[in-house]
Amino acid sequence: MFLSLSIVLSMVHCVLTIDLTYHVEEERSPGTYVADIAADSKLLDNVKPSDQHLITFSQFKRKVAQLFNITKTGKLYTAQTLDAEDLCTFNKECSRTMKVVVNKGTSVSKILKIKIVIEDINDHEPEFPKNQISLKFYETDGKGTKQSLPNAMDKDVGFENSLIQYKLKSKNGEPFSLSVSKRADGISSLNIVLKESLDREIKDTYLLQVIAKDGGSPAKQGILNINISIIDVNDNLPEFSKPLYNISIQSTHHKSKPIIVLSVMMLMLVKMVKLLSISVPRHQI
């Protein structure tokens with residue numbers, strides 16, 4: 001019992017305040033070289049060359065052994081492909097801490113605390129829930145009328161790589177704008193806003209694009225295609241092509257044939273109306 005307690009106290013006493021911090025990019029292949037702990041800790045500086053072979057390195061309480069390997073000479077390598085999105089939470093530094101035991105022969109010489117920062121690379125583009133949506137506006141909708149849009153999400157955990165900016169792509173003169181605001185939870189709220197009144201008789205459909213671009217280098221982007229239909233309201237009276245028609249009917253005109261074809265024109269639609277011949281007594285013709 002006293003021997004076990006003595007060993008634990010000795011190991012605690014050996015823990016140094018030296019913190020070595022290393023950086024490695026995610027998605028590197030297994031076996032990627034990270035650092036030389038022996039050289040960076042300078043532990044061999046005060047050891048005789050003839051005794052340096054007695055100094056060995058190993059991982060203490062191998063909690064992250066599945067991610068990294070340490071050779072006896074103090075070389076640090078990745079043990080597998082690291083994915084920051086799987087290992088860490090969104091928008092926080094992605095890192096792992098490990099303790100490295102430095103042995104001299106069969107005895108513990110020191111314990112080093114190593115911090116390894118897994119750097120997020122921009123390997124994901126912003127994604128909308130759907131690539132295309134359809135919206136409807138009424139002719140009578142006034143300026144400022146809004147229609148909500150889904151926002152994009154970026155799976156990258158790094159702040160810059162997951163920072164999304166939005167831009168509306170449309171033709172010049174089209175009566176829509178994009179409104180972007182931040183909610184209390186930091187999520188963007190998107191709306192298509194009507195800038196001016198609509199006239200379906202001039203144009204009844206619009207195709208817009210919202211581009212979501214992240215802050216990575218190089219940046220990646222996602223696109224949302226928006227089909228907007230303008231719903232008609234009955235705001236125009238039908239008009240005949242002529243205000244007055246003069247026709248002549250032969251007495252031999254077959255009763256099943258049209259007398260005349262009238263065109264009823266409306267700005268919102270066109271209907272062709274056929275008037276069938278009517279029976280006219282011969283003495284009235």
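Just for the stretch 138-177: of the residues that are β-branched (Val, Ile, Thr) and not in a strand (DSSP E or B), which one is nearest to Asp86 (Cα to Cα)? It would help to see each step written out before you state the result.
Just the residues of the stretch 138-177 that are β-branched (Val, Ile, Thr), to begin with: 140, 145, 157, 164.
Retained after the next criterion (residues that are not in a strand (DSSP E or B)): 140, 145, 157.
Numbers: Thr140: 49, Thr145: 41, Val157: 9 Å.
Of everything passing the filter in the stretch 138-177, Val157 is nearest to Asp86 (Cα to Cα).
Name the one entry in Ala79, Ala84, Ala65 that is at pLDDT below 95 and in contact with a Pro (Cβ under 9 Å, 6 or more places away or on another chain).
On the way: Ala84 fails: in contact with a Pro (Cβ under 9 Å, 6 or more places away or on another chain); Ala65 fails: in contact with a Pro (Cβ under 9 Å, 6 or more places away or on another chain).
Checking each option against the conditions leaves just Ala79.
Of all the residues in the stretch 208-225, those that are under 18 Å from Val180 (Cβ atoms) and not in a strand (DSSP E or B) number 2.
Sort through Leu207, Leu168 and tell me the only one that's in contact (Cβ under 8 Å) with a residue 40 or more places away in the chain and within 21 Å of Ile223 (Cβ to Cβ). If you could, list the steps in order and put the result at the bottom.
Details: Leu207 fails: in contact (Cβ under 8 Å) with a residue 40 or more places away in the chain.
So the residue among Leu207, Leu168 that is in contact (Cβ under 8 Å) with a residue 40 or more places away in the chain and within 21 Å of Ile223 (Cβ to Cβ) is Leu168.
If you check Ala84 against the conditions, is it under 27 Å from Glu27 (Cβ atoms), of a type in the set (Gly, Ala, Ser), surrounded by 18 or more Cβ atoms within 10 Å (Cβ to Cβ) and more than 14 Å from the chain's Cα centre (by Cα)? Yes; evaluated as a whole, the condition is true for this residue. For beta carbons closer than 6 Å, sequence separation of 6+ or different chains, a first residue in the stretch 149-163 that is within 13 Å of Glu127 (Cα to Cα) and a second that is of a type in the set (Gly, Ala, Ser) and outside any loop (DSSP other than H, G, I, E, B), the qualifying pairs are Asn151/Ser188; Ala152/Ala212; Ala152/Gly222; Asp154/Ser162; Asp156/Ser162. Restricting attention to the stretch 87-104, the residues that are hydroxyl-bearing (Ser, Thr, Tyr) and either farther than 11 Å from Ile118 by Cα or surrounded by fewer than 14 Cβ atoms within 10 Å (Cβ to Cβ) (or both) add up to 2.
Residues that are out of contact with any strand residue (DSSP E or B) (no Cβ under 7 Å at 6 or more places or on another chain) and either outside any loop (DSSP other than H, G, I, E, B) or outside the structural domain of Glu25 (by the TED database) (or both) within the stretch 87-119 comprise just one, Ser107.
Restricting the stretch 26-61 to residues that are over 36 Å from the mean Cα position of the chain (by Cα) and part of a loop (DSSP other than H, G, I, E, B) leaves a set whose member that is modelled with the lowest pLDDT is Lys61. Summed over the stretch 113-164, the residues that are surrounded by 13 or more Cβ atoms within 10 Å (Cβ to Cβ), within 10 Å of the chain's Cα centre (by Cα) and over 30 Å from Tyr33 (Cβ atoms) give a count of 8. Can you confirm whether Thr140 is farther than 28 Å from Ser188 by Cα and free of Cβ contacts under 8 Å to residues at least 24 places away in the same chain? Taking the combined requirement at face value, the residue does not satisfy it.
If a residue must be hydrophobic (A, V, I, L, M, F, W, C) and modelled with pLDDT of 90 or more, how many such residues does the stretch 9-25 contain? Can you show your working first?
Quick first cut of the stretch 9-25, residues hydrophobic (A, V, I, L, M, F, W, C) only: 9, 11-12, 14-16, 18, 20, 24.
The next check asks that each one be modelled with pLDDT of 90 or more; those that pass are 20, 24.
Number of matching residues: 2.
For the stretch 101-122, residues that are in contact with a helix residue (DSSP H, G or I) (Cβ under 8 Å, 6 or more places away or on another chain) and under 30 Å from Asp214 (Cα atoms) total 5.
The values are calculated or read from the model by the stated rules, or taken from the named source; none is laboratory data. In this text, all values refer to a predicted model and were calculated from it rather than measured experimentally. Please note: Cβ atoms are built from the backbone with ideal geometry, for glycine as well, and neighbour counts cover all protein chains shown.
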